[in-house]
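To start, the structure under review is shown below, and the notes come after it.
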Amino acid sequence: MTTPIPFDPRIELVGLSRAELAEELVRLDEKPFRAKQLWHWIYHQGETDFAKMTTLAKDFRTKIAETHKVGRPSVATLQTSTDGTRKWLFRLDDFKDVETVYIPENDRGAVCVSSQVGCTLTCSFCHTGTQPLVRNLTSGEIVGQFMAARDSYNEWPTPQDGTRMLSNIVMMGMGEPLFNYENVAKALTIVMDHEGISLSKRRITLSTSGIVPEIERCGEELGVNLAISLHAVRDDLRDELVPINKKWPIHELLEACRRYPTSSNARRITFEYVMIKGVNDTDADAHELVNLVRGIPAKINLIPFNPWPGTAYECSSNNRIHKFADIVNAAGYSSPVRRPRGRDIMAACGQLKSASERAKKFSDRETAVTP
Ligand code: SAH
Ligand code: SF4
């Protein structure tokens, strides 16, 4: 049985590019310059109610409200961890759910944004990869997650002095962002626009499992920070952990990293490496890791494996992780061990899988559609 889509024929403005917004206004017989004013209300002021957009003519406000809307994904659940990490389960217009996490630090914090419902890929250690129903998020749904997170911290209008709690975006939620490149690029372009949310590309990190052809585009067109989910130093093991490796093996991936524009200046590429007991965590693995990334301005992020119900993998011991980190450090690479955040609310890396999917897991296994 399919779930009925709620009938709201109005066109969503969040997620349209500036040019597309201007086109909508032309369709309403308005001058395209109004797009600049509207953009400011939507992305600088964070206003969702046309009636309150007081610099716009009253007639225009009434007219546009009949055919268009400025929405947010609706909040299905909101949980806050004992460590302050916050997780939203957003319900989209077609009743699909997607998760977003905010990780606060003292005077700033990163919003971990999803790019897909589920994930096109099936990395063996990742909970998101076990979700059967997958679709790409629209640009509006991607920006909308960040905007809704900002609503709950009252960070509108965009602070001009640079002080904001929601200061960074990491594309590390559910999904493979480079398999939804067009929409992710459009969303990040909106987020970086100086007359709106105005987040610098230096505050945005995109994490990929290694979609080689799109890495180049991402560097040229967006120039955001790049994080690579490496996780293994040999192709036979990486084929198992990150199966997309069969298509783009380690040496091709590292070549793409060497060509990535940010690696030529002070910024570094982050290599993520999940520590799994007895699988990828030996001293020899650590030595090979530093050999592989040699020559690339790199930072190595060791992530303790976060277990989830049903996984056969275990996290490496603290001792093992620190010995591994020592080898990487001794070779001259900064290798912070990422402290898991929000574990108590299943908000840590690789644990995202919408709650409703988890609940449904056993009830509709037979009817689930595998893409
Ligand atoms: N699909 C992208 C971004 C989302 S995953 C990617 O794979 O890079 C974000 C990070 O969490 C990736 O580095 C991913 O490999 C890691 N991850 C996935 N499952 C994990 C788990 N159970 N424990 C720790 N990290 C995990
Ligand atoms: Fe997808 Fe990333 Fe999880 Fe792999 S690790 S299944 S690419 S979300």
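The values are calculated or read from the model by the stated rules, or taken from the named source; none is laboratory data. The structure presented is a predicted model; accordingly, all values stated were derived computationally and were not measured. FYI the Cβ positions are ideal-geometry reconstructions off the backbone, even for glycines, and counts take in every protein chain you see.
Please identify the pairs in which a residue from region 115-134 that is without any contact (Cβ under 8 Å) to a residue 24 or more places away in the chain has its Cβ atom under 7 Å from the Cβ atom of a residue that is within 7 Å of ligand 2 (Cβ to nearest atom) and of a type outside the set (K, R), counting only partners at least 6 apart or on another chain.
Once the first residue is without any contact (Cβ under 8 Å) to a residue 24 or more places away in the chain and sits in region 115-134, its partners that are within 7 Å of ligand 2 (Cβ to nearest atom) and of a type outside the set (K, R) give G129/C119; G129/L121; G129/T122; G129/C123.
If I filter region 162-177 down to residues being more than 16 Å from ligand 1 (Cβ to nearest atom) and hydrophobic (A, V, I, L, M, F, W, C), which single residue comes out as modelled with the highest pLDDT?
L166
When you scan region 193-210, do you find a residue that is within 16 Å of ligand 1 (Cβ to nearest atom) and part of a loop (DSSP other than H, G, I, E, B), even just one?
So far as region 193-210 goes, yes, one or more of its residues are within 16 Å of ligand 1 (Cβ to nearest atom) and part of a loop (DSSP other than H, G, I, E, B).
Counting only residues that are among the acidic types (D, E) and surrounded by fewer than 22 Cβ atoms within 10 Å (Cβ to Cβ), which one in region 98-122 is nearest to ligand 1 (Cβ to nearest atom)?
Only one residue fits best here, namely E105.
Quickly run through region 220-239 and pick out the residues that are within 16 Å of Y181 (Cα to Cα) and more than 16 Å from ligand 2 (Cβ to nearest atom). Walk me through it before giving the result.
Taking region 220-239 as the starting set, the residues that turn out to be within 16 Å of Y181 (Cα to Cα) are 220-228.
Matches in region 220-239: E220, E221, L222, G223, V224, N225.
Residue under question is V274, and the condition is that it be assigned to a strand (DSSP E or B) and hydrophobic (A, V, I, L, M, F, W, C); does it hold?
It is true that V274 is assigned to a strand (DSSP E or B) and hydrophobic (A, V, I, L, M, F, W, C).
Can you find a residue that is within 10 Å of ligand 1 (Cβ to nearest atom) and under 20 Å from L241 (Cβ atoms) anywhere in region 128-142?
yes
In region 157-192, what residues are assigned to a loop (DSSP other than H, G, I, E, B) and surrounded by fewer than 16 Cβ atoms within 10 Å (Cβ to Cβ)?
Kept after step one, since they are assigned to a loop (DSSP other than H, G, I, E, B), are these residues of region 157-192: 157-167, 172-176.
Residues satisfying the conditions are P157, P159, Q160, D161, G162, T163.
Only one residue in E195, E216 is under 17 Å from P159 (Cβ atoms), away from ligand 2 (no atom under 16 Å from the Cβ) and in the same structural domain as I250 (by TED's automatic domain parsing), so which one is that?
Details: E216 fails: under 17 Å from P159 (Cβ atoms).
Result: E195 is the single residue among E195, E216 that is under 17 Å from P159 (Cβ atoms), away from ligand 2 (no atom under 16 Å from the Cβ) and in the same structural domain as I250 (by TED's automatic domain parsing).
Being without any contact (Cβ under 8 Å) to a residue 12 or more places away in the chain and either under 20 Å from L230 (Cβ atoms) or small (G, A, S) (or both) is the filter here; which residues of region 311-325 pass it?
The answer is A312, and nothing else.
Please identify the pairs in which a residue from region 167-182 that is farther than 11 Å from N136 by Cα has its Cβ atom under 9 Å from the Cβ atom of a residue that is within 11 Å of ligand 2 (Cβ to nearest atom) and assigned to a helix (DSSP H, G or I), counting only partners at least 6 apart or on another chain.
M171/P177; G173/T128
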